[in-house]
Amino acid sequence: MKTVLELKNISKHFNINKGFKNFFSQQKEKFIAVDNVNLKLESKKVLGLVGESGSGKSTCGLMAMRLLNPSNGNIILENKDITTLKNHELKNYRKQMQIIFQDSYSSLNPMMTLAKIVIEPFVIHNLYTFNERQELANELLNKVGLDKTYHNRYPHELSGGERQRVSIARALALKPTILVADEPTSALDVCVKAQVINLLHELQEEMGLSILFISHELNVLRSL
C-alpha cells in the first residue's frame, strides 16, 4: 500500500519562561511536547492517532500540516520532504492536504457568510471565476448536507454540528487527497457526533481520502 504521509522521528520542543536570571534576562526551560514520533498514513486509509489531552497529538497534526515547524525529524508528503520548505514553496503542497480543527467556531471567520468561507481557498489560490466559485460553493455545501438556505448565513447562526460541516466543506474545496482531522467531534453531543462521523466515513469512501484522525475517544475511532 502506498504511503502518502509519513512523520519520521518527529519531535517538538518549546522554550518556556521559568523565571528571571537577573534584571536583563529570563531563565528558559525546555518543554518536550512531542518526542520522536513515527507514523505512516497509507493511501485511502484512516489512521487513528490516540492520546490523552495534553499528550501532543494535536501538535503532531499541526506539524504534519507544516502549520508548526518540528524541532527535529522529517515530514514526507507523497515522497517529498517538506520539512524545510518555505511558505511560498508549500503553497502547492497545501492543496493536497487540508485540516479540520476541533473548534469550528474559532476556525471560521465570523464576518464572512458560509459561501464566502467555503470558496476562500479558491480566492487564496486564484482559482475559477466568480460564477464558478458560487456554483462550487453550492456543490460543496450540498455535499456536507447543507442546502441553499445556508449560503448567506453566518457562523454564529449555526449549531456546532452545522459549523463543523462547513469546516469539512472548506477543507474539501481544493480536492485534497489527505485530511488531518484534529478531534473534529469532541465538542459535539452524541447524536451530532455520530452524524459527523458518518459524513466523514461517506466522504472518505466517495473521494478516496486518506485521513489522519486525531482523538482521545477510542469508540469514535472504531466507528471509522
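Data table
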| quantity | calculated |
| --- | --- |
| Two-site FRET efficiency, N15 against N38, from Cβ-Cβ distance with R₀ of 35 Å, rounded to 0.05 | 0.90 |
| Positive-end residue of G54, L212, N17, charge dipole of the chain with Cβ unit charges | N17 |
| The chain, relative contact order [Cα under 8 Å, separation at least 6], % | 25 |
| Sum of -39500 (n - 2.57) over DSSP H runs of 4+, divided by residues of the chain (222 nm, nearest 500) | -11000 deg cm²/dmol |
| Long-range Cα-Cα pairs in region 40-151 (distance over 26 Å), rounded percent | 34 |
| Most positive-pole-ward Cα, L199, N36, L140, against dipole of the chain from beta carbon charges | N36 |
| Residues whose placed amide H lies under 5 Å from that of L49, excluding near-sequence neighbours | F213, I214, S215 |
| Taking region 49-180 and dividing mean pair separation by its residue count, relative contact order in percent (alpha carbons under 8 Å, at least six apart) | 30 |
| Partner aspartates and glutamates for K8 [C-alpha distance under 16 Å; skip if fewer than 8 residues away on the same chain] | D35, E42, E78, D81 |
| Surface accessible to a 1.4 Å probe, per residue, for the residues of the chain, Å² | 54 |
| Separation of alpha-carbon centers, region 59-125 and region 137-196, rounded to whole Å | 17 |
| Isotropically averaged projected area of the chain, using the convex hull of Cα atoms (one quarter of hull area), nm² | 14.5 |
| Peptide ranges 40-52, 91-103 listed from the most packed, as the mean C-beta count within 10 angstrom indicates | 91-103, 40-52 |
| Cβ-placed point charges (K, R +1; D, E -1), dipole of the chain about Cα centre in debye, nearest 20 | 700 |
| For N72, net neighbour charge (Lys/Arg +1, Asp/Glu -1) across residues whose Cβ lies under 12 Å away | +1 |
| Counting DSSP beta bridges with both ends in region 73-224, the antiparallel % (nearest 5) | 20 |
| For region 7-16, 3J(HN,Hα) per residue [Karplus equation, 6.51 cos²θ - 1.76 cosθ + 1.60, θ = phi - 60°, Hz, x = Gly/Pro] | 9, 10, 6, 6, 9, 9, 10, 10, 9, 10 |
| Pairwise FRET efficiency - K28 versus N198, Cβ, R0 = 41 Å, nearest 0.05 | 0.30 |
| Set of region 151-166 residues, backbone N closer than 19 Å to the point 7 Å along the Cα-Cβ line of V190 | 160-161 |
| Linear extension gain, K91 paired with E139, 0.36 nm per residue minus alpha-carbon span | 14.9 nm |
| Over 29 Å between alpha carbons, listed pairs K18/K193; K12/K143; K80/K193; K12/K86 | K18/K193; K12/K143; K80/K193 |
| Portion, in percent, of the accessible area of region 90-170 that falls on carbon or sulfur, probe 1.4 Å | 49 |
| Furthest towards positive pole of dipole, P70, A173, N152, structure part the chain, Cβ charges | P70 |
| Debye, to nearest 20: dipole size of region 154-224, +1 on Lys, Arg Cβ, -1 on Asp, Glu Cβ | 120 |
| Per-selection Kirkwood Rh - region 100-149 (Cα, Å, 1 d.p.) | 11.7 |
| Shape category assigned to region 136-224 from the gyration tensor of Cα positions, a/c cut at 1.5 | oblate |
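The values are calculated or read from the model by the stated rules, or taken from the named source; none is laboratory data. Not measured: the values here are computed from a predicted model. Methodologically, a virtual Cβ is constructed for each residue, glycine included, from the backbone with ideal geometry; neighbour enumeration extends over all protein chains shown. The area values use the complete protein model at the heavy-atom level, side chains included, leaving out ligands, DNA and RNA. Shrake-Rupley method; radii C 1.70, N 1.55, O 1.52, S 1.80 Å.
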